[in-house]
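Report on the following structure.
The values are calculated or read from the model by the stated rules, or taken from the named source; none is laboratory data. Model, not experiment: these values are computed from the prediction. Here Cβ is always computed from backbone atoms with ideal geometry, including for glycine, and neighbour counts include all displayed protein chains. Surface areas here come from the heavy atoms of the whole protein model, side chains and all, with no ligands, DNA or RNA. Shrake-Rupley method; radii C 1.70, N 1.55, O 1.52, S 1.80 Å.
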Amino acid sequence: MVMVQISEAEYKVLRAIQSMGGSAKESELSIDGLSDRDIASAISWLEVKGLIEVDRREIRTYALSAEGQRYLNKGLPELVLYERLKEKGEMTLDEVREYMPDTYRIALAQLAKFGIIPKGGKISFRDSGIEEVIERRQRYLSTLDPGDTEMLDHFRHRSGVIEEKTRIERIVRLKDASYEAIAGFNGEDLIGTLDPSIISSGSWKERNFRRYDLNSPTSSAKGSLKHPMTYLIEEIRRIFLNMGFTEMSGHFIESTLWDMDALFIPQDHPARDMQDTFYVDGENFKIDHPEISRRIKRIHEKGVDGYSGWGYKWSDSESKRLILRTHTTVNTARYLYENNIPPQAIFSVEKVFRHESVDWKHLAEFYQIEGAVYSRDVNVSTLKWILRDFYSELGFRDIRLVPSYYPYTEPSLDVIVNVNGREVELGGSGIFRPEVLKILGLKAPVMAWGMGLERLAMMYYGLTDVRDLYNTDFEFLSSFRFDTSNYIRKIMDKV
Ligand code: PHE
């Protein structure tokens, strides 16, 4: 009989199983000098060579999701509400919503299952023996004991609190052939990895190579995924292109002439302050289309068509300062100046820069979704119609325009999106003022809008911290799933 060859690692694994009484779980094997990967590969080899028996068992494990973790720290929504009710006796639904804006829906739904149901806009405390159940649930979050099937069942049927993972556990058992292999092992170390020294020394001639096992388990590779921001930007492009818009683009570094003066922003406007705007050093930078500055000067100083202008002395050198563009409305200004025959429908999704301190809601560089329509048919109702169409494509059905102020539009309107009762401001819009049309040499009205992309992305993906969008943790990034209907459902659950 030809003895089956085994490697040193395989020998060690066989000995380890032997010392554990002839059978062991793979996860219990711990062997000096071998990593878990080495052990896994040795087991696969031994199985292929018919030297051990292997049983496979599916193991389920449970972990808290990010949401579950929050409940562990701050209390399950139903517990939080129950305790508050106990204290107060009675609360109006508005009070409940205010007390726990992110979780009141879940809390109300859970308490309703115990018959604590709002009546006439109020919800009252009732001692119906549920405290014990809710406290058990709360305790369960810290144990996640798979043996407590009642609690496990509860949380498995409740979305988003615990995450279930399965892995395969291999149970290995020695057989007669195993003992023969152990006895016959001659200490020969097969070449597993070929390195230059083995080749140059010629030692490979005296040694044996280990064969490849194409069936041995390896960790599974993830397919390539789009970054969540890339995905959303592509979605937005697709929506605008389908609506017949043309994409425009501009530059990070701009002159204040184009970023601000051309849009009739006065030179003493607070947004130009060093606190708000990043200025860039640089002399002799050639500003394109400088011919526009004569028109800008006249209109800033004296106005046009019965409008009085700003009545100050406009400074040419101030207009030549360089900045990181503060908004992408500068793209619109440039595009329309260069393409002044109506109609035009344009958009861009590009980065802008503001001197902000970074927190959960603010970034110093962020994307703006910019758009404009230049046509005789432009008015506030077409503006509202276009914005409504755009947002509803993304899954946000309820938007509202409220009066606002921008130096370059009249009227100016801020866009507010309603996500299940919560209102979030997404950006500005309006109809360009006559001064701006004159500066840019335009013959028809223009409606324009500029919106923060990251705010939108937070709602789209159900995030509570804007910085998460630029988190570089691979596990976190690969947890995003791109299906609009899914996200909207997630938003519904959360709010
Ligand atoms: N540019 C404005 C901003 O940065 C938004 C805006 C664009 C307002 C177009 C009106 C018209 O917030």
Checklist outcome for this item: If we ask which residues in region 157-196 are hydrophobic (A, V, I, L, M, F, W, C), more than 30 Å from L463 (Cβ to Cβ) and open to solvent by less than 80 Å² (accessible area, probe 1.4 Å), their number turns out to be 9
Checklist entry - Based on what the data block shows, is G427 without any contact (Cβ under 8 Å) to a residue 60 or more places away in the chain and within 14 Å of the ligand (Cβ to nearest atom)? => result yes
Checklist entry - Residues of region 409-423 being within 16 Å of the ligand (Cβ to nearest atom), of a type outside the set (G, A, S) and open to solvent by less than 30 Å² (accessible area, probe 1.4 Å), which ones? => result T409, L413, D414, V415, I416, V417
Next on the checklist: Criterion first (acidic (D, E), over 21 Å from T464 (Cβ atoms) and open to solvent by 60 Å² or more (accessible area, probe 1.4 Å)) does E131 satisfy it?
Outcome noted: no
Next on the checklist: Residue pairs, Cβ under 9 Å, 6 or more apart or interchain, first in region 102-131 and in a helix (DSSP H, G or I), second polar (S, T, N, Q) and surrounded by fewer than 19 Cβ atoms within 10 Å (Cβ to Cβ). List them.
Outcome noted: R105/N420
Checklist entry - Is region 347-368 home to any residue that is closer than 25 Å to P434 by Cβ, among the β-branched types (V, I, T) and assigned by TED's automatic domain parsing to the domain that holds L469? => result no
Checklist outcome for this item: Result of the Cβ filter at 6 Å on region 462-473, keeping first residues that are in a loop (DSSP other than H, G, I, E, B) and partners that are open to solvent by less than 50 Å² (accessible area, probe 1.4 Å), at least 6 apart or interchain, is G462/I491
Checklist entry - If you scan region 399-408, which residues turn out to be closer than 19 Å to L440 by Cα and either within 8 Å of the ligand (Cβ to nearest atom) or in contact with a strand residue (DSSP E or B) (Cβ under 6 Å, 6 or more places away or on another chain) (or both)? => result Y406, Y408
Item to check | Hits in region 327-347 (condition: among the hydroxyl-bearing types (S, T, Y) and within 15 Å of the ligand (Cβ to nearest atom)) | outcome: T328, T329, T332, Y335
Checklist entry - Just wondering, is there one or more residues in region 324-336 that are part of a helix (DSSP H, G or I), open to solvent by 20 Å² or more (accessible area, probe 1.4 Å) and farther than 14 Å from L456 by Cα? => result yes
Checklist entry - Going by the structure shown, is A16 among the hydrophobic types (A, V, I, L, M, F, W, C) and part of a strand (DSSP E or B)? => result no
Next on the checklist: If a residue must be open to solvent by 60 Å² or more (accessible area, probe 1.4 Å) and among the acidic types (D, E), how many such residues does region 212-264 contain?
Outcome noted: 2
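One line per residue, one yes/no per condition, for (1) surrounded by fewer than 19 Cβ atoms within 10 Å (Cβ to Cβ); (2) in contact with an Asp or Glu (Cβ under 8 Å, 6 or more places away or on another chain); (3) among the acidic types (D, E):
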residue: V13; (1), (2), (3): no, no, no
residue: Q18; (1), (2), (3): yes, no, no
residue: G21; (1), (2), (3): yes, no, no
residue: A24; (1), (2), (3): no, no, no
residue: D36; (1), (2), (3): yes, no, yes
residue: S44; (1), (2), (3): yes, yes, no
residue: L51; (1), (2), (3): no, yes, no
residue: I59; (1), (2), (3): yes, yes, no
residue: Y62; (1), (2), (3): yes, yes, no
Next on the checklist: Within region 361-374, does at least one residue satisfy the condition of being basic (K, R) and under 26 Å from Y279 (Cβ atoms)?
Outcome noted: yes
Checklist entry - Are there any pairs with C-beta distances below 8 angstrom linking a residue in region 171-182 that is within 17 Å of K25 (Cβ to Cβ) to a residue that is hydroxyl-bearing (S, T, Y), with the two at least 6 apart or on different chains, and if so which? => result I171/S23; V172/S23; R173/S23; L174/S23
Item to check | Entirely in region 178-264, the helices (runs of 4 or more DSSP H) that have 2 or more residues that are out of contact with any Lys or Arg (no Cβ under 8 Å at 6 or more places or on another chain) and within 30 Å of L46 (Cβ to Cβ) | outcome: 196-201
Checklist entry - So is I287 assigned by TED's automatic domain parsing to the domain that holds R376, open to solvent by 10 Å² or more (accessible area, probe 1.4 Å) and within 16 Å of the ligand (Cβ to nearest atom) or not? => result no
Next on the checklist: Given the condition open to solvent by less than 10 Å² (accessible area, probe 1.4 Å), at pLDDT 95 or above, over 22 Å from P266 (Cβ atoms) and within 10 Å of the ligand (Cβ to nearest atom), answer yes or no: does some residue in region 383-395 qualify?
Outcome noted: yes
Checklist entry - How many residues does region 443-463 hold that are over 19 Å from Y231 (Cα atoms) and either surrounded by fewer than 21 Cβ atoms within 10 Å (Cβ to Cβ) or among the charged types (D, E, K, R) (or both)? => result 3
Checklist outcome for this item: Scanning region 438-453 residue by residue, the ones that are in a helix (DSSP H, G or I) and within 13 Å of the ligand (Cβ to nearest atom) total 1
Item to check | Count - residues of region 351-363 that are modelled with pLDDT of 95 or more and more than 12 Å from the ligand (Cβ to nearest atom) | outcome: 1
